[in-house]
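Following: one structure in structure tokens, then a few remarks.
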Amino acid sequence: MKKDFLSIFDLSPEELKELIEISIKFKKGEIKERPLEGKMIALIFQKPSLRTRVTFERAIYDLGGKGVYLSPQDIQLGKRESVKDVAKNLDNWTDGIVARVFHHGILLELAEHSKHPVVNALSDLEHPCQILADYMTMYEISGKFNVNLAYIGDGNNVANSLLAATALLGGKFTIATPYEYEPNGYIVKKALELGVKFEIVRDPKEAVKDADFIYTDVWASMGQEAEREKRLKLFAPYQVNSELLKYAPSHVKVLHCLPAHRGEEITDEVLDGPHSVVLQESENRLHTEKAVLYRLFT
């Protein structure tokens, strides 16, 4: 049966832990197999990216394969050609699809019509590959999966996938966000069904008081440019800065999926400071993406 990776909820708790453990083995150089030898993976990118594109291309290369990058101008997915037709044509030439899209429904349609694995490299609903790297980083630092995670800011796709992963791994997820910017209701419902420890607060200081890790992301993502000025004013009290860290435990570490809007959701002194593990988190994108491809093709 064909396997896809579209959501953190595609995994069981055991599978999620296994992927993180495989990622660590790749980082240590303990896995030498090259399951993509002679294979080509299509990289469909409706949104530009630094980390996602480079790490996936490098992961595919290191596993013996070849990635072909398809920009928005190349295929104009759903406009010049239907998603169904793109999927069926790529089936003839490639062995899998990695897609970074605006709308999650496009991923579902690609997976429905492709006979090869489809990987979610970002959608408006989830960012599962990023969250694998996040939890790998938190596990490396803390030695445990069930951490106390405080998320400060917009309840976006990253927050959704972090909540899903926390539900699977048994930790606690607290989000400080304004009204109407909470995580997706469907994700919240599924996470609560799994028994997640989940809290929504309005005060960032309250959110971080017991945190092992603090996470933030941009306040206005690609596609939300029209809301930017409104969001800047609304989220101004939700900045991760040195003053906020005073209310957190001394061992707290700070994560950000990048790119960061320095001086908005996070200050330079925190992003570049001793509590930041952002570069470790960024490096781990490569190892977790190797793990995803390895599991899909072995």
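Filter the stretch 193-205 down to the residues that are of a type in the set (D, E, K, R), touching a Phe, Trp or Tyr at 6+ places or on another chain (Cβ under 8 Å) and farther than 12 Å from residue 173 by Cα and list them by number.
Keep residues of the stretch 193-205 that are of a type in the set (D, E, K, R), which gives 193, 197, 199, 202-203, 205.
Right, trim to touching a Phe, Trp or Tyr at 6+ places or on another chain (Cβ under 8 Å) and you get 197, 199, 202, 205.
Passing the criteria: 202, 205.
Evaluate the following for residue 102: is it in a loop (DSSP other than H, G, I, E, B), assigned by TED's automatic domain parsing to the domain that holds residue 203 and not hydroxyl-bearing (Ser, Thr, Tyr)? Considered against the rule, which asks whether it is in a loop (DSSP other than H, G, I, E, B), assigned by TED's automatic domain parsing to the domain that holds residue 203 and not hydroxyl-bearing (Ser, Thr, Tyr), residue 102 comes out as no.
Among the listed residues 90, 110, 36, which satisfies the condition of being surrounded by 22 or more Cβ atoms within 10 Å (Cβ to Cβ), outside the structural domain of residue 260 (by TED's automatic domain parsing) and part of a loop (DSSP other than H, G, I, E, B)? Quick ask: steps written out before the conclusion?
Values: 90 fails: part of a loop (DSSP other than H, G, I, E, B); 110 fails: part of a loop (DSSP other than H, G, I, E, B).
Residue meeting the stated conditions: 36.
Please name all residue pairs, on different chains or six or more residues apart, with Cβ atoms under 9 Å, provided the first residue is in the stretch 57-75 and is closer than 14 Å to residue 40 by Cβ and touching a residue at least 12 places away in the same chain (Cβ under 8 Å) and the second residue is surrounded by fewer than 20 Cβ atoms within 10 Å (Cβ to Cβ) and of a type in the set (Phe, Trp, Tyr). Every condition considered, the pairs that remain are 57/69; 67/61; 68/93. Considering the stretch 253-282, the residues that are free of Cβ contacts under 8 Å to residues at least 12 places away in the same chain, among the charged types (D, E, K, R) and out of contact with any Lys or Arg (no Cβ under 8 Å at 6 or more places or on another chain) include one that is farthest from residue 149 (Cα to Cα), namely 262. Please find, among 41, 24, 60, 20, the residue that is in a helix (DSSP H, G or I) and closer than 28 Å to residue 76 by Cα. The match here is 60. The listed residues are 209, 246, and the only one of them that is basic (Lys, Arg), touching a residue at least 24 places away in the same chain (Cβ under 8 Å) and farther than 30 Å from residue 60 by Cβ turns out to be 209.
The set of residues from the stretch 236-253 being within 21 Å of the chain's Cα centre (by Cα) and part of a helix (DSSP H, G or I) comprises just one member, 238.
The values are calculated or read from the model by the stated rules, or taken from the named source; none is laboratory data. As the structure is a computational prediction, the values presented were derived from the model and not from experiment. Note that each Cβ is placed from the backbone with ideal geometry, even for glycine, and that neighbours are counted across all protein chains shown.
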